[in-house]
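Each reported figure results from applying straightforward, stated rules to the coordinates on display, with no laboratory input. Worth saying up front: this structure is predicted, and the values here are computed from it rather than measured. In this analysis, Cβ positions are derived from the backbone assuming ideal geometry, glycine residues included, and neighbour counts consider all displayed protein chains.
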């Protein structure tokens, strides 16, 4: 079971430093979309590191000599609209992303998961204060 940790307030304050209106958060180029892209791409990089057995720019540690081989572009479609992302590739073509599988472009239910998580965080924050 994964234990959830509250995000540091200074991180949230920094993310919301330029917030003035709802579009800044949930608009076409809003913070949620930018944050989603960054988190998805970082998670895919972590999956690749796990797959290969080494981080980027580290010596190859797997017996096959398989290494990173750039990235491919993919556009996710869902409740949030369209989100262009970059998916890492490996030379052997054996990397199978878990977060967003190969050939999948529809990513439904994401907004519901994010907003329910945000509501849970807000309720916990209210209980603490």
(request) Report the normalised scattering of segment 1-112 as log10 I(q)/I(0) at q = 0.16, 0.24 Å⁻¹, calculated by the Debye formula with identical scatterers on the alpha carbons. (result) -0.88, -1.29
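Grab the beta carbon distance between residue 75 and residue 11, set R0 = 25 Å, and tell me the FRET efficiency rounded to 0.05. Write down the numbers at each step before the final one.
Details: r = 28 Å, r/R0 = 1.12.
E(calc), rounded to 0.05, equals 0.35.
Taking the Cβ of each residue in 10, 90, 55 as the centre, tally the other Cβ atoms inside 10 Å and list the residues starting with the fewest.
Details: 10 8, 90 17, 55 13.
Starting with the residue having the fewest Cβ neighbours, the order is 10, 55, 90.
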(request) Sticking with the crude label model, points 7 Å out along Cα→Cβ, report the distance from residue 31 to residue 62 in nm, one decimal please. (result) 3.7 nm
(message) Given points 7 Å out from each Cα along the Cα-Cβ axis, report the residue 4 to residue 91 separation in nanometres with one decimal.
(response) 4.2 nm
